[in-house]
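K.L.:
Submitted below is the structure of interest, expressed as structure tokens.
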Amino acid sequence: MDRTERIAELNDRRRRDHSYGKVVITRGIQALGHQAVMEVLTAVAAFSDFTPDNDPYGEHDCAVMTVGDHRVIWKIDYYDPDLNFASDDPANPAVTIRVLTIMLADEY
């Protein structure tokens, strides 16, 4: 597996397993209520429609999607273990904390 494939695999795991890394949901997502938040989290975890247009680097690190009546953006950022700086190597989970941020498109 090459570096890009490893990063994509780790990002896919991050989206599906909320105990792996951190999740940040914005106030706009929170304001939708518990049921809608759960629907958004489920939709983000299930997303698999990656194409060269929406995933040009093949890392599965960002997407825009519709969940119910809402346009949602999610993205994954890579930090050092202390969450102070960017990770030196996003392909290495030992030195990288992945932060999944989920927001409404109009919050961007």
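K.L.:
Scan the range 89-99 and tell me whether some residue there is of a type in the set (D, E, K, R), free of Cβ contacts under 8 Å to residues at least 60 places away in the same chain and within 21 Å of residue 1 (Cβ to Cβ).
P.N.:
To start, the set of residues in the range 89-99 that are of a type in the set (D, E, K, R) comprises 89, 98.
Still in the running and free of Cβ contacts under 8 Å to residues at least 60 places away in the same chain: 89.
Subset that is within 21 Å of residue 1 (Cβ to Cβ): 89.
Yes - at least one qualifying residue is present in the range 89-99.
K.L.:
State all residues of the range 47-69 that are out of contact with any strand residue (DSSP E or B) (no Cβ under 9 Å at 6 or more places or on another chain), within 18 Å of residue 5 (Cα to Cα) and of a type outside the set (Val, Ile, Thr); if no residue qualifies, say none. Write out each step before concluding.
P.N.:
Our first condition is that a residue be out of contact with any strand residue (DSSP E or B) (no Cβ under 9 Å at 6 or more places or on another chain); within the range 47-69, this holds for 48, 51-53, 56-58, 67-69.
In the following step, the residues that additionally are within 18 Å of residue 5 (Cα to Cα) were identified as 48, 51-53, 56-58.
Correct list: 48, 52, 53, 56, 57, 58.
Yes or no, residue by residue, for (1) among the basic types (Lys, Arg); (2) under 14 Å from the mean Cα position of the chain (by Cα); (3) at positive phi:
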residue	(1), (2), (3)
7	no, yes, no
11	no, yes, no
20	no, yes, no
28	no, no, no
41	no, yes, no
52	no, no, no
75	yes, yes, no
86	no, no, no
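Taken together, the values in this text are just the output of simple stated rules run on the coordinates, not laboratory data. Keep in mind that what you see is a predicted model, and the values were worked out from it rather than measured. In this analysis, Cβ positions are derived from the backbone assuming ideal geometry, glycine residues included, and neighbour counts consider all displayed protein chains.
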